[in-house]
Amino acid sequence: MVKATFESKEHCYGSRRLLGALRDEGVSIGRFKVRRLMKQQGLRPIWKRKFIHTTDSKHNLPVAENLLNRQFNPKAINQSWVADITYIRTRSGWVYLAAVMDLFSRKIVGWAMAPHMRAEMVTSAMQLAIARRQPEPGLIAHSDRGSQYAGAAYQSLLTRNGMRCSMSRKGNCWDNAVVERFFLNLKMERTWRKDYANHGEAIKDITDYIVRFYNEGRLHSTLGNMTPNQYERQAA
């Protein structure tokens, strides 16, 4: 049972998170036993790699103040969203992912992928989030100072939907740490283990990770060992 659950979670869970998954399945077991069985069966979660933060903040566009101010735990959905960009290697070149996360549940509510980092990609990700969530005016939309987020297309989208723009302080990745942690998990748990032949293959697999594994299946200690979807359902 321990091995089957470990494998169903794509070899990503350590003993603490695996314990939560087993208990969700109705298995009565303690953490020390889980740890012992994992050791006996050679079940080791994937190790992390060094995370390199990159940003495109060398521009003369207006920059918003940091309204979020590291308040990463709002009291309800659609109060604070965070957005960022990362990159994934394929044999056909880099593919880029723009993601939007609702901090309340850590759910990825919007995303877009493309072989470039132009403004239309981040705008598409936010448009998807808005269409899916229909937030009330006043939501904080936080990002770094990248030109894609400071540009007219993205800023106009926020304004039209009554959203308040917030941006990280210059050179301070900790101001957007939660979505950057999502990117680290994505790479550690999925993309670093794959050799994507092309952009389409990567896009399909990353979409599966977001929809099936992360939003629906990945337990978060911050959420009381619930998945983002579970957390939103119990809060409804």
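FYI, it's all coordinate maths here, none of it is from the lab. Keep in mind the model is a prediction, meaning the values are calculated, not measured. Neighbour counts are summed over all protein chains in view; Cβ atoms, including those assigned to glycine, are modelled from backbone coordinates with ideal geometry.
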Checklist line | Least to most buried among 107, 187, 204, 75 (fewest other Cβ within 10 Å first) | finding: 75, 204, 187, 107
Checklist line | Among 81, 94, 111, residue whose mean-square fluctuation peaks in a GNM of the chain (springs only between Cα atoms under 10 Å) | finding: 94
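As a test, work out the antiparallel percent of DSSP beta bridges whose residues both lie in the range 80-235, rounded to the nearest 5.
Values: 16 of 23 bridges.
Counting only bridges with both partners in the range 80-235, antiparallel ones make up about 70 percent.
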Item checked: CD proxy at 222 nm, helix term only [per DSSP H run n ≥ 4: -39500 (n - 2.57); per residue of the chain; nearest 500] -> -10500 deg cm²/dmol
Notebook entry, point to check: Which far-off residues, 5 or more places away or on another chain, put their amide H under 5 Å from the one on residue 142, with H placed in the peptide plane?
Noted result: 81, 82, 83, 166
